[in-house]
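Notes to accompany the following structure.
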Amino acid sequence: MIKKTSLLLLVLCYTSCSVFKPIPQPKNEFRGVWVATVVNIDWPKSGQDLIEKQKKDFLEILDFYEDLNFNAVIVQVRTAGDAFYKSNYAPWSRFLTGKEGAPPARDYDLLEWMINESHNRGFEFHAWLNPYRATFDLKTDVLSPIHDFNLHPEWMLKYGKKYYYNPGIPEVRERLVAIMDEVITSYDIDAIHFDDYFYPYKIKNEVFQDSLSYTYHALPNQSLDDWRRSNVDSLVKNIHKTIKSSKPWVQFGISPFGVWKNKSTDPKGSDTKAGQTTYEDLYADPITWMENGWIDYLVPQVYWSMDLPVASHFKIVDWWSKNSSNTNLYIGNGAYKIRNNSDKAWENKKELPNQLKLARNTQAVKGNVFFSAKSLMTNKNDVVEHIKKKYYKTKALPPISPLSPVHKNEDIEFDTFNKENGLIQLNFNNLEHHRYAMVYSSGRKIKPDYPIKKLISKVPVKENQINLPATIIDDKKQIALTFITKFGQESAPILIQLNQKYD
């Protein structure tokens, strides 16, 4: 009798308890990772490495996160007044070539290669640039003669152990906009990305010496704090305008410090006790950027554990979910803290997965970004397996920006079919504005929409053509194809009969 009762309870629990129910896998969800290059945090492992070694290491990052079903890499291409590409405004980064200003060993555009390799794997490529940090330390003797520190010393302010561009000088903002425009026009990127470094984090007993700029440029009766915020606002607004006038499909995303304001200084703030805040100390106001439609997405850096008393991840995510508008909201997660922090909550292998669960259960949140790339790549197999099994089981498409134009379904026409050397080549008309093809398993009748679980592959579109390895569809009689525009919009499906002969 006891055995029968236990069996009955087990059956009832299996059919009704939520613990056994599979976690829904959304079709659209941002899954990004920051690839930090400053002081070679993630990549390259050394600026002295040969290009072949740098390429191999970058591909290892892509392969790891492709296997985990991520869909975006946010790669740092400007760390401190330098560049990971040939620039008219900045010297080559020493973190890439070993010596600042020295070009790669041979004339090779590594950034273009990284973008192509990312796109080939179905990743969006977000170019991450630090606008205001001019140097990483005070060792200015290592700087190139063409670094802005040497060309425009009047733009620089020393604060702590770094030099910064003075955000209050209009010429500085013009230069920074030109730098962003150069990347946008020169490369096939999906987004420009800023992190949390606007005005520097405050240092006790030190003053940011911009009083002369304030006196000269501030409006009448404008406070120093409001003037500083207006300088950042002006940069954000002008970069947004520059991006959208050049390539409107390129997004602009910003990842501010996680706490806007504490409730102790403003009733509208979060129930936190953060030592510094993005609004009052870094002079960055994401609320204004969202309200004015200047950014496509926001990624607050909520790097604390779920229930940390002074800054609870749960409370901060809840606050941002209630205070975001006109933008996609993603959450920045501190994967680097796993088993590497004084907060013992990070010893639990489910701390990060629980944060993903919270994000997915919060309607306003559309995805997550992990800092940083190497964090999950060593000795975190149990965490990685849990994430893949429960939360990133299937692929997902990045969300469409709220700033994107209304979707117009173009008439995509199938043209020719060829099979050669293990590849199936499909040619179409009108794919000029599309980046990817989504290959779905399909029955004989086409459906108006295909769930993500039917996805076989996501492949890049190149000149009205897609190439599929024959092995992935050998057992299929037909497939359905949809096409993703550069804005991220998915077309209506087209049914392809694989056993039909095409001319």
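The values are calculated or read from the model by the stated rules, or taken from the named source; none is laboratory data. This structure is a prediction, so every number in the text was calculated from the model and none was measured. Please note: Cβ atoms are built from the backbone with ideal geometry, for glycine as well, and neighbour counts cover all protein chains shown.
Just a few scattered comments:
- Taking the numbered list (1) among the aromatic types (F, W, Y); (2) more than 27 Å from I254 (Cα to Cα); (3) without any contact (Cβ under 8 Å) to a residue 40 or more places away in the chain in turn, W155 passes all entries but (2).
- Verdict on K357 being surrounded by fewer than 23 Cβ atoms within 10 Å (Cβ to Cβ) and either polar (S, T, N, Q) or within 19 Å of I61 (Cβ to Cβ) (or both): no
- Verdict on F149 being under 30 Å from Y392 (Cα atoms), touching a helix residue (DSSP H, G or I) at 6+ places or on another chain (Cβ under 9 Å) and not charged (D, E, K, R): no
- For the residues N238, N221, the requirement of being over 21 Å from L329 (Cα atoms), without any contact (Cβ under 8 Å) to a residue 24 or more places away in the chain and not assigned by TED's automatic domain parsing to the domain that holds H433 singles out N221.
- Within the range 411-425, one or more residues are part of a loop (DSSP other than H, G, I, E, B) and within 26 Å of L62 (Cβ to Cβ).
- Any hit, the range 411-418, residues being touching a Phe, Trp or Tyr at 6+ places or on another chain (Cβ under 9 Å) and at pLDDT 95 or above: no
- Going through (1) assigned to a strand (DSSP E or B); (2) outside the structural domain of P256 (by TED's automatic domain parsing) one by one, K395 falls short only on (1).
Each row is one residue, and each column tells you yes or no for (1) part of a loop (DSSP other than H, G, I, E, B); (2) over 30 Å from G334 (Cβ atoms); (3) modelled with pLDDT under 95.
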position	(1), (2), (3)
L7	no, yes, yes
V11	no, yes, yes
T15	no, yes, yes
V19	no, no, yes
P24	yes, no, yes
V33	no, no, no
V39	no, no, no
D42	yes, no, no
K45	yes, no, no
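- Filtered residues of the range 407-426 (kept if without any contact (Cβ under 8 Å) to a residue 40 or more places away in the chain and either under 14 Å from G488 (Cα atoms) or surrounded by 16 or more Cβ atoms within 10 Å (Cβ to Cβ) (or both)): K408
- Residue list for the range 360-376, filter: in a loop (DSSP other than H, G, I, E, B) and either among the charged types (D, E, K, R) or surrounded by 17 or more Cβ atoms within 10 Å (Cβ to Cβ) (or both): T362, F371, S372
- Applying the condition of being of a type in the set (A, V, I, L, M, F, W, C) and touching a helix residue (DSSP H, G or I) at 6+ places or on another chain (Cβ under 6 Å) to the range 31-57 and asking which residue is surrounded by the most Cβ atoms within 10 Å (Cβ to Cβ) yields V33.
- Within the range 76-100, restricting attention to residues that are assigned to a loop (DSSP other than H, G, I, E, B) and of a type in the set (S, T, N, Q), the residue that is nearest to I189 (Cα to Cα) is S87.
- Tally, over the range 304-338, of residues that are part of a helix (DSSP H, G or I), surrounded by 19 or more Cβ atoms within 10 Å (Cβ to Cβ) and of a type in the set (S, T, Y): 1
- Look at the range 257-281: where a residue is over 19 Å from Y330 (Cα atoms) and in the same structural domain as F371 (by TED's automatic domain parsing) and a partner is aliphatic (A, V, I, L, M) and in a loop (DSSP other than H, G, I, E, B), sitting 6+ places away or on another chain with Cβ atoms under 6 Å, you get N262/A274; T272/V259; T272/A311; K273/V310; A274/V259; A274/A311.
- All strands (runs of 3 or more DSSP E) inside the range 123-241 with 3 or more residues being more than 23 Å from Q276 (Cα to Cα): 124-129
- Residue match in the range 187-198 (condition: of a type in the set (D, E), surrounded by fewer than 19 Cβ atoms within 10 Å (Cβ to Cβ), in contact with a Phe, Trp or Tyr (Cβ under 7 Å, 6 or more places away or on another chain) and more than 19 Å from Y89 (Cα to Cα)): yes
- Residue within the range 175-185 that is within 20 Å of T37 (Cβ to Cβ), crowded, with 19+ Cβ neighbours inside 10 Å and among the acidic types (D, E) present: no
- Verdict on D63 being surrounded by fewer than 15 Cβ atoms within 10 Å (Cβ to Cβ), under 15 Å from I387 (Cα atoms) and either modelled with pLDDT of 95 or more or not assigned by TED's automatic domain parsing to the domain that holds K357 (or both): no
- Filtering P493, P469 for residues that are under 28 Å from D188 (Cβ atoms), outside the structural domain of F123 (by TED's automatic domain parsing) and crowded, with 16+ Cβ neighbours inside 10 Å leaves a single hit, P493.
- Scanning the range 259-273 for residues that are in a loop (DSSP other than H, G, I, E, B), among the hydroxyl-bearing types (S, T, Y) and surrounded by 12 or more Cβ atoms within 10 Å (Cβ to Cβ) yields one hit, T272.
Okay, residues lined up against (1) touching a strand residue (DSSP E or B) at 6+ places or on another chain (Cβ under 9 Å); (2) of a type in the set (A, V, I, L, M):
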residue: V302; (1), (2): yes, yes
residue: A311; (1), (2): yes, yes
residue: V317; (1), (2): yes, yes
residue: Q355; (1), (2): yes, no
residue: L358; (1), (2): yes, yes
residue: V369; (1), (2): yes, yes
residue: V384; (1), (2): no, yes
residue: K389; (1), (2): no, no
